Amino acid sequence: MGLEMTFTEKALAAIGDVWDKKVLGKTPDHGKAPAPVEASQRLIDGTPGGTIHDVAKTMSGIHNILKYDQYDEEKGLFYNDNSVSFCFEVIPQTGADEEMTQKLTQLFTPIPPGYGVQWTLFGNPCIDDQLQAYVDQRHVAVDNGKTDAFFLALAQRRVGHIQKSKGRPLFPNTNYMVKKIHLVFSITRAGSSSDNKLCEEMWEMRETLRSQLKTSNLPAIQMDAAALIKFVRPLLDPQVMFDDQPFPMMGYDEGKSIKDQVTPFGHHVRVKHNEILFGMPPKKAGDTDERIAMRAFGILQYPQKKELWEMANIIGSFFDEGLQYPCPFVVCGGMFMLDPADVDAKAQLKAARSKQNAGSKMAEFQPELALEADDWNIVIHQLNQGGMMTELYHTCCCMRRRRS
């Protein structure tokens with residue numbers, strides 16, 4: 001029996017090892033060269049299977065998962081590979097009342113089925129412009145004789161201290177990190193830029209949503225291609241959020257696709273089973289791993305009730321230091337508007353089924369059946385009031401140096 005158990009344990013260990021290495025990819029990558037370099041070396045060495053086509057297959061970067069293509073400055077629309085879209089940068093709010101809640105609820109009323117809505121909340125430690133403006137004010141004051149040069153030197157030292165702590169907590173053993181919160185709101189519809197009717201509808205919806213955001217005391221700034229590139233660059237090249245160097249100057253080149261301008265040449269990314277690693281791996285085992293790790297987390301469940309003003313805590317608790325983000329973060333959510341003609345019948349069927357389950361004998365031992373029936377009753381009520389169902393996604397990503 002002992003020998004049999006030992007053999008079983010060895011077999012399970014071998015299966016687990018194969019699963020980790022072949023399926024999950026849990027293999028050490030120190031000393032490994034980027035895939036294009038390895039393919040090019042096989043081509044030079046004349047290794048069988050090393051052809052120019054193999055090299056071309058490895059040249060697809062992470063930026064190619066994006067659909068951004070061109071920007072129409074006149075209409076303020078983005079023409080993507082298979083869709084048309086626009087986006088606003090909205091000033092984040094830290095409080096809300098009942099009036100704002102009602103206005104934001106009406107924000108989704110003019111959005112018809114078939115449209116996608118996404119909001120992205122980004123805690124970005126790249127605040128070079130704000131820090132430079134802070135120092136410039138002291139320069140002006142000194143030049144005009146309104147203050148002593150000591151205060152200029154003090155401001156420069158403050159800025160230097162903040163830049164040294166870029167991407168990590170400002171003080172040891174704390175979670176407080178200096179950052180700027182960006183909120184981007186975007187609308188997308190599948191289609192082509194050659195569809196004049198679609199482009200006209202997107203332009204009208206952009207103006208409608210802009211006015212609604214303004215009446216909700218949420219000023220919306222139209223984002224062009226340069227603003228989008230500046231926003232996306234730290235997400236796909238997070239090293240810029242941890243380096244002491246200033247944020248790179250970037251602009252929009254109309255002769256190139258937008259997605260080809262959001263990452264630098266030679267950008268290296270490895271996708272693991274539980275994280276995405278940006279940067280070159282260490283040359284040998286034991287060396288310090290300076291890569292940036294990005295990990296994503298899904299939303300397990302939502303509270304039964306949550307007021308809008310309480311949502312300020314998603315950027316970190318103001319009073320509880322332990323509930324703050326010690327690193328750059330992204331909270332991204334979105335929805336896709338479903339056609340009522342396709343979902344009404346399914347909703348009615350699920351509501352009837354949940355009501356039947358709630359009245360069964362098993363409901364005495366499974367109280368969640370009654371809660372499910374209540375949920376579907378609310379759905380049916382909203383549909384009868386002219387509402388619509390959506391597909392929803394909601395994720396949170398955190399980025400930090402792997403060695404820390």
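Can you run down the residue pairs with Cβ atoms below 7 Å, 6 or more apart or on separate chains, where the first is in region 166-187 and over 30 Å from Met337 (Cβ atoms) and touching a residue at least 60 places away in the same chain (Cβ under 8 Å) and the partner is assigned to a loop (DSSP other than H, G, I, E, B) and among the charged types (D, E, K, R)?
Lys166/Asp244; Met177/Arg168
Tell me which residues, restricted to region 64-73, are at pLDDT 90 or above and assigned to a loop (DSSP other than H, G, I, E, B).
Step one: of region 64-73, the residues at pLDDT 90 or above are 68-73.
Within region 64-73, Tyr68, Asp69, Glu73 meet the criteria.
Quick grid of which residues meet (1) without any contact (Cβ under 8 Å) to a residue 24 or more places away in the chain; (2) loosely packed, with under 15 Cβ neighbours inside 10 Å; (3) under 30 Å from Gln382 (Cβ atoms):
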position: Asp97; (1), (2), (3): no, yes, yes
position: Gln102; (1), (2), (3): yes, yes, yes
position: Gln118; (1), (2), (3): no, no, yes
position: Lys146; (1), (2), (3): yes, yes, no
position: Leu154; (1), (2), (3): yes, yes, no
position: Gln163; (1), (2), (3): no, no, no
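Yes/no matrix, rows are residues, columns are (1) buried (at least 17 other Cβ atoms within 10 Å of the Cβ); (2) assigned to a loop (DSSP other than H, G, I, E, B):
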residue	(1), (2)
Asp344	no, no
Gln356	no, no
Ala373	yes, no
Gly387	no, yes
Tyr393	no, no
Cys396	yes, no
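Would you mind telling me which numbered condition in (1) among the β-branched types (Val, Ile, Thr); (2) in contact with a Phe, Trp or Tyr (Cβ under 9 Å, 6 or more places away or on another chain); (3) touching a residue at least 60 places away in the same chain (Cβ under 8 Å) Ile229 fails?
With (1) among the β-branched types (Val, Ile, Thr); (2) in contact with a Phe, Trp or Tyr (Cβ under 9 Å, 6 or more places away or on another chain); (3) touching a residue at least 60 places away in the same chain (Cβ under 8 Å) applied to Ile229, the lone miss is (3).
Looking only at region 239-269, filter to residues that are touching a Pro at 6+ places or on another chain (Cβ under 7 Å) and not in a loop (DSSP other than H, G, I, E, B); which one of those is surrounded by the most Cβ atoms within 10 Å (Cβ to Cβ)?
Of the residues in region 239-269, the ones touching a Pro at 6+ places or on another chain (Cβ under 7 Å) are 240-241, 268.
Then drop every residue that is not not in a loop (DSSP other than H, G, I, E, B), which leaves 240-241.
Values: Val240: 20, Met241: 23.
Out of the qualifying residues, it is Met241.
Test Asn274 against the stated conditions and say whether it is at pLDDT 85 or above and in a loop (DSSP other than H, G, I, E, B). Please lay out each step first, then the result.
Numbers: at pLDDT 85 or above: yes; in a loop (DSSP other than H, G, I, E, B): yes.
Taking the combined requirement at face value, the residue satisfies it.
Within region 176-191, how many residues turn out to be at pLDDT 90 or above and among the aromatic types (Phe, Trp, Tyr)?
1
Quick check: anything in region 192-203 surrounded by 18 or more Cβ atoms within 10 Å (Cβ to Cβ) and at pLDDT below 90? Walk me through how you get there before you give the answer.
Quick first cut of region 192-203, residues surrounded by 18 or more Cβ atoms within 10 Å (Cβ to Cβ) only: 199, 202.
When the remaining residues are screened for being at pLDDT below 90, the result is none.
There is no residue in region 192-203 that is surrounded by 18 or more Cβ atoms within 10 Å (Cβ to Cβ) and at pLDDT below 90.
Tell me, yes or no, whether region 176-184 has at least one residue that is surrounded by fewer than 18 Cβ atoms within 10 Å (Cβ to Cβ) and either more than 24 Å from the chain's Cα centre (by Cα) or of a type in the set (Gly, Ala, Ser) (or both).
no
Answer with yes or no whether Asn124 is loosely packed, with under 12 Cβ neighbours inside 10 Å and within 21 Å of the chain's Cα centre (by Cα). I'd like the intermediate steps shown before the answer.
Working: loosely packed, with under 12 Cβ neighbours inside 10 Å: no; within 21 Å of the chain's Cα centre (by Cα): yes.
In short, no.
Cβ-Cβ distance below 6 Å, separation of 6 or more or different chains: which pairs start in region 277-293 with a residue that is at pLDDT 85 or above and of a type in the set (Lys, Arg) and end on one that is surrounded by 16 or more Cβ atoms within 10 Å (Cβ to Cβ) and part of a loop (DSSP other than H, G, I, E, B)?
That search, which allows pairs on different chains as well, returns Arg291/Gly279; Arg291/Arg402.
Residue-wise test of (1) assigned to a helix (DSSP H, G or I); (2) farther than 30 Å from Glu200 by Cβ; (3) at pLDDT below 90.
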| position | (1), (2), (3) |
| --- | --- |
| Ser85 | no, no, no |
| Glu89 | no, no, no |
| Gln102 | yes, no, yes |
| Thr105 | yes, no, yes |
| Pro110 | no, no, yes |
| Leu131 | yes, yes, no |
| Tyr134 | yes, yes, no |
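Scan Lys305, Lys284 and give me the residue that is of a type in the set (Lys, Arg), farther than 23 Å from His30 by Cβ and surrounded by fewer than 18 Cβ atoms within 10 Å (Cβ to Cβ). Explain how you work it out, then say what you get.
Numbers: Lys284 fails: farther than 23 Å from His30 by Cβ.
The conditions single out Lys305.
Which residue, of Met250, Met241, Met311, is over 16 Å from Thr120 (Cβ atoms) and either at pLDDT 85 or above or not acidic (Asp, Glu) (or both)?
Numbers: Met241 fails: over 16 Å from Thr120 (Cβ atoms); Met311 fails: over 16 Å from Thr120 (Cβ atoms).
Answer to the selection: Met250.
Do we have any residue at all in region 322-341 that's of a type outside the set (D, E, K, R), surrounded by fewer than 12 Cβ atoms within 10 Å (Cβ to Cβ), assigned to a helix (DSSP H, G or I) and more than 32 Å from the chain's Cα centre (by Cα)? Quick ask: steps written out before the conclusion?
Of the residues in region 322-341, the ones of a type outside the set (D, E, K, R) are 322-338, 340-341.
With the extra rule that they be surrounded by fewer than 12 Cβ atoms within 10 Å (Cβ to Cβ), the set shrinks to 322-323, 341.
Still in the running and assigned to a helix (DSSP H, G or I): 322-323, 341.
Filter again for more than 32 Å from the chain's Cα centre (by Cα), leaving none.
No: zero hits.
The values are calculated or read from the model by the stated rules, or taken from the named source; none is laboratory data. What you see is a predicted model; the values in this text were computed from it and never measured. Cβ atoms come from the backbone with ideal geometry, glycine included; neighbour counts cover every protein chain shown.
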